[in-house]
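Below is one structure; the comments refer to it alone.
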C-alpha cells in the first residue's frame with residue numbers, strides 16, 4: 001500500500017467514526033476505543049483532525065453521560081424544536097412532498113442503501129457522513145487497483161455530494177451546534193465535522 005492509499009483508507013476510517021458520533025452517545029464509544037482509533041486514523045492525513053479526535057475522546061470521558069444525552073436531545077431532537085436539526089433539508093430550504101429525493105438519488109447512484117434499522121430520515125448527518133465514507137472508501141479501492149475509470153466516477157460522485165449535500169450545509173449546522181451546546185463534546189464534534197468536510201473538498205480541488 002502506498003502512502004496515498006494509506007491516507008485515503010485513513011480518511012475513510014475517520015469519516016465512518018465521525019458519522020457514529022452523530023448517533024445517540026453510547027458507552028461503547030469508549031469501550032471500543034473509538035476516539036483513539038479516530039486519532040490514529042487522523043494522524044495519517046491531518047494533524048488537526050487527529051487533535052479533534054483526541055479532544056473528542058477527552059471530552060466524552062470527562063462529561064457525565066446523562067449530560068451528553070440531554071445535550072444530544074436538545075441539539076438534535078428537542079422537546080419542541082431541535083437547536084441544530086441534523087437534516088440537510090432543514091438547512092438547504094428543501095420542502096414539499098419529498099425533500100429527501102435529491103440525497104436518495106446520490107445514494108442510489110453510489111449503490112448505498114439506508115439500513116432497515118435506521119429509523120431516521122435519509123438526509124440525517126450520520127447517514128450523509130456514512131455515504132461520504134463510502135465514496136472515500138471506493139476511491140481508495142480504485143486508487144489501490146489503478147482503476148482510473150472507477151476512480152473518476154467515485155471522485156465525481158463525491159464532488160457532487162459535497163457540493164449539493166453535506167458540504168452545502170455542514171457550516172451552518174456546525175455553527176448551530178456550537179451556539180446551542182452545553183457540553184464541550186458537541187462543540188469539538190462540530191469543529192471536527194466542519195474541518196473534515198472542508199478537508200475533503202480541498203483534497204478534491
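Rule-based calculations on the coordinates, nothing more; no lab input. Since the structure is predicted, the reported quantities are computational estimates derived from the model, not experimental observations. Cβ sites come from the backbone with ideal geometry, for glycine too, and all protein chains shown count toward neighbours.
With both labels modelled 7 Å from their Cα along Cα-to-Cβ, the residue 164 to residue 115 distance reads 2.6 nm.
With contributions of -39500 (n - 2.57) from each DSSP H run of at least four residues, the per-residue ellipticity at 222 nm computed over the chain stands at -22500 deg cm²/dmol. If you sort the three axes of the alpha carbon gyration tensor as a ≥ b ≥ c, you get a/c of 1.5 or more for the range 1-96 and a/b no higher than b/c, which makes it oblate.
As a proxy for reagent exposure, ranking 72, 107, 14 by other Cβ atoms within 10 Å from fewest up yields 72, 107, 14.
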